[in-house]
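What follows is a set of notes on a single structure, which appears directly below.
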2 protein chains.
Amino acid sequence: MATGRTHRPATRSRGIPEATVARLPLYLRALTALSERSVPTVSSEELAAAAGVNSAKLRKDFSYLGSYGTRGVGYDVEYLVYQISRELGLTQDWPVVIVGIGNLGAALANYGGFASRGFRIAALIDADPAMAGKPVAGIPVQHTDDLEKIIKGNGVSIGVIATPAGAAQQVCDRLVGAGVTSILNFAPTVLSVPDGVDVRKVDLSIELQILAFHEQRKAGEEALPDGLPASAAAARESTDKGPDGDVPAVMPA
Amino acid sequence: MATGRTHRPATRSRGIPEATVARLPLYLRALTALSERSVPTVSSEELAAAAGVNSAKLRKDFSYLGSYGTRGVGYDVEYLVYQISRELGLTQDWPVVIVGIGNLGAALANYGGFASRGFRIAALIDADPAMAGKPVAGIPVQHTDDLEKIIKGNGVSIGVIATPAGAAQQVCDRLVGAGVTSILNFAPTVLSVPDGVDVRKVDLSIELQILAFHEQRKAGEEALPDGLPASAAAARESTDKGPDGDVPAVMPA
DNA sequence: CCATCTTTGTGCACGCGTTCACAAAGACAT
DNA sequence: ATGTCTTTGTGAACGCGTGCACAAAGATGG
Ligand SMILES: NC(=O)c1ccc[n+]([C@@H]2O[C@H](COP(=O)([O-])OP(=O)(O)OC[C@H]3O[C@@H](n4cnc5c(N)ncnc54)[C@H](O)[C@@H]3O)[C@@H](O)[C@H]2O)c1
Ligand SMILES: NC(=O)c1ccc[n+]([C@@H]2O[C@H](COP(=O)([O-])OP(=O)(O)OC[C@H]3O[C@@H](n4cnc5c(N)ncnc54)[C@H](O)[C@@H]3O)[C@@H](O)[C@H]2O)c1
């Protein structure tokens, strides 16, 4: 930027690192809050604190967007909100279908946080004939038979799977067949999809198991620091702040 | 192993990489399925396919557990199930409390997948007086006033937060104050906790936004490959299989 | 007991992501 | 204008995670 040349690695003309993409929504949320309080500018330090990340990381992330901060001042809140929204594709809104309207699917349907962020529930789909026509969150549930028609008719490219694990792959195949190219999967199964289709999964059990692992470790450690002096048990705390350096749990599949 | 000395980096006597820990539940699930089908052994290749990972990665992961595979044969399913369960701390069962029994909290309470994996819902807690006493999933909801008593009385160390974002930090503080050291947060907020407390968050909106980002990119790319020859658009598909190399979205905070 | 064949366990190299640390950019006051 | 002070943008080093590729282990059959 300063030097004004050979910015991007050249081999990756438009490539924003995945780790950065995953943090953009975090920044956007913090920025939106600031925007609502009519804060005009923020420093990387402040914003980083609000988003819960390192300020250097944040600055580097923004630099991939070709960021426009002002040295000595910080970033213009409104401008950044716009830039990040655009980068994430939130300036258009995305029709989403939820398949499997049980406990979880219904909760998702009732969740208000979608619309506020550029997503619109285009349809709710379930295999249970008894549910067909019944409104959930004001939207009538449609039967799986019409899945393809619904997807194509609404130009849906993002699908959410909240069916039992056993049905997930089959539902996935139908969604993909109908034109869906991004899937958010809540069922505890590994989905296989053709190239070009993105799958992210959210897995409750995995999250809890990871917590249990660290929990067990904490319990075991105070008993015997495993070759380390007793003081190390306390010292460890600082290193251990994220018991997990990072690591998915929700990840592509 | 083969050489039989200087295994662990020595500086990390008992350290299993976080990335590995995050995959253990995946392996465990695949192994459990095999176990139910009474399959006695699996090769790293087969198991890796079932878990959706690279076989070399899986072998390396197991090597951290001091794995006991048999060359030329594979791994003993039952034995591995036990080893991984023990490593994850699932041989004991963990009492969990869910705070905020709304749409999502109720869905979680009704979810059967907890008990089957070593977790037990010890209590449901909500601030709404109208909900107190009402059973959800067969468990009577208790009022927030008794939060500390409930946590301490049941020796709960894992808490799930499913309250509105505005209440999350406050609930978190009370949980931590009462002795909870692991938190799974569904509210879209950055929680701050003292050292030694683990927080993992599950954030729906972030997941969708990441999908939207890639979706937008796909749409834009077929129009103009951005300086690359047209063939690159197709070639990219293979590189792009995981649109995201990996990257959280559910992560510590 | 030996040969062959399968599959593990891991050394190694590579690439991504994180973090430090600082030069330069610019605001602001004098 | 000029100097000071704040904060960005990034070069560079480092560490973690991934995947290749292969030697060694051991099963299996003759
Ligand atoms: N409820 C939770 O908190 C929770 C937590 C983690 C994971 N999950 C997972 O999410 C999924 C849904 O959980 P749930 O509690 O809502 O289950 P549920 O049984 O309440 O709901 C499943 C719904 O899917 C429908 N369905 C079944 N087969 C279908 C098909 N082929 N096509 C379309 N719809 C179909 C059923 O009719 C039902 O309405 C499960 O895979 C579960 O493991 C749920
Ligand atoms: N429903 C979803 O699918 C979904 C998806 C993503 C994120 N979330 C997030 O999960 C959280 C819960 O969502 P929801 O749809 O269940 O909301 P909800 O409004 O249906 O439920 C919230 C519950 O929390 C209770 N509550 C409020 N303040 C409390 C406090 N201080 N202590 C204890 N309980 C308190 C309320 O009484 C209510 O029962 C929200 O933060 C939401 O953003 C929900």
Measuring label to label, 7 Å along Cα→Cβ, what does B:ALA19 give against each other copy in nm, shortest first? 1.1
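Probe radius 1.4 Å, ligands and nucleic acids left out: which of B:TYR82, B:TYR68 has the largest accessible area, and how do the rest follow?
Final ranking, largest accessible area leading: B:TYR68, B:TYR82.
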Given Cβ point charges of +1 (Lys, Arg) and -1 (Asp, Glu) and nothing else, what value in debye, to the nearest 20, does the dipole of the range A:94-202 about its Cα centre take? 320
Listed residue (A:TYR82, A:LEU47, A:SER35) projecting farthest to the positive dipole end of the range A:18-88, Cβ model: A:LEU47
Proximal charge balance of B:VAL160 [Cβ under 12 Å; K/R count +1, D/E count -1]: +1
Per-residue ³J(HN,Hα) for the range A:142-158, Karplus 6.51 cos²θ - 1.76 cosθ + 1.60, θ = phi - 60°, Hz, x for Gly and Pro: 10, 7, 4, 3, 8, 3, 4, 4, 5, 4, 5, x, 9, x, 7, 10, 10
Would you rank A:GLU46, B:GLU36, A:GLU18 by solvent-accessible area, highest first, keeping every protein chain in place and using a 1.4 Å probe? B:GLU36, A:GLU46, A:GLU18
Given backbone amide H placed at 1.01 Å from N, residues whose amide H is under 5 Å from that of A:SER192, ignoring those fewer than 5 places away on the same chain, are none
Tell me, what ³J(HN,Hα) does each residue in the range B:102-114 have, in order and in whole Hz, if you take phi through Karplus 6.51 cos²θ - 1.76 cosθ + 1.60 with θ = phi - 60° and put x for Gly and Pro? x, 4, 6, x, 5, 4, 5, 4, 7, 6, x, x, 6
Label geometry 7 Å along the beta-carbon vector: B:GLY113 inter-copy distances in nm: 1.7
Distant-in-sequence amide H partners of B:THR41 (H built 1.01 Å from N, under 5 Å): B:VAL77
With charges only on Cβ, +1 for K and R and -1 for D and E, what is the dipole size of the range A:128-180 about its Cα centre, in debye, rounded to 20? 120
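Could you report the buried accessible area between A and B, both sides summed, computed with a 1.4 Å probe and given in Å² to the nearest 100?
Details: alone 15030 and 15050 Å², together 22780 Å².
Counting protein atoms only, the buried area is about 7300 Å².
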May I ask you to report, in nm to one decimal and beginning with the shortest, the distances from B:THR70 to the same position in the other copies, taking label points 7 Å along Cα-to-Cβ? 7.2
In sequence order, calculated HN-Hα J values of the range A:205-220 (Karplus, 6.51, -1.76, 1.60; Hz; x Gly/Pro): 4, 4, 4, 5, 5, 5, 4, 4, 4, 5, 4, 4, 4, 4, 4, x
Cβ-derived FRET efficiency at R0 56 Å, A:LYS60 paired with B:ASP145, nearest 0.05: 0.75
Which residues qualify? For A:VAL160, with a placed amide H closer than 5 Å and at least 5 residues away or on another chain, they are A:VAL97, A:ILE98, A:VAL99, A:LEU184
Report, as an integer, the average count of C-beta atoms from other chains found within 10 Å of each Cβ along B:112-121. 3
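Provide the net charge surrounding B:ALA48, with neighbours chosen by a C-beta distance below 12 Å and charges set as Lys +1, Arg +1, Asp -1, Glu -1. Don't skip to the answer; put the middle values down first.
Numbers: positive: B:ARG23, B:LYS57, B:ARG59, B:LYS60; negative: B:GLU45, B:GLU46, B:ASP61.
Computed value for this residue: +1.
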Which pairs in the list A:LYS149/B:LYS201; B:LYS149/B:LYS201; A:LYS201/B:LYS152 are over 30 Å apart, alpha-carbon to alpha-carbon? A:LYS149/B:LYS201; A:LYS201/B:LYS152
What whole number of Å gives the distance from the Cα centroid of the range A:44-92 to the Cα centroid of the range A:101-168? 34
Taking a crude spin-label model, label points 7 Å out from Cα along the C-beta direction, the B:ASN110 to A:SER38 distance in nm is 4.4
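The values are calculated or read from the model by the stated rules, or taken from the named source; none is laboratory data. On a predicted model such as this, the values are computed, not experimentally measured, just so you know. Note that we place each Cβ from the backbone using ideal geometry, even for glycine, and neighbour counts take in every protein chain shown. For accessibility, only protein heavy atoms count, side chains too; no ligands or nucleic acids. Shrake-Rupley method; radii C 1.70, N 1.55, O 1.52, S 1.80 Å.
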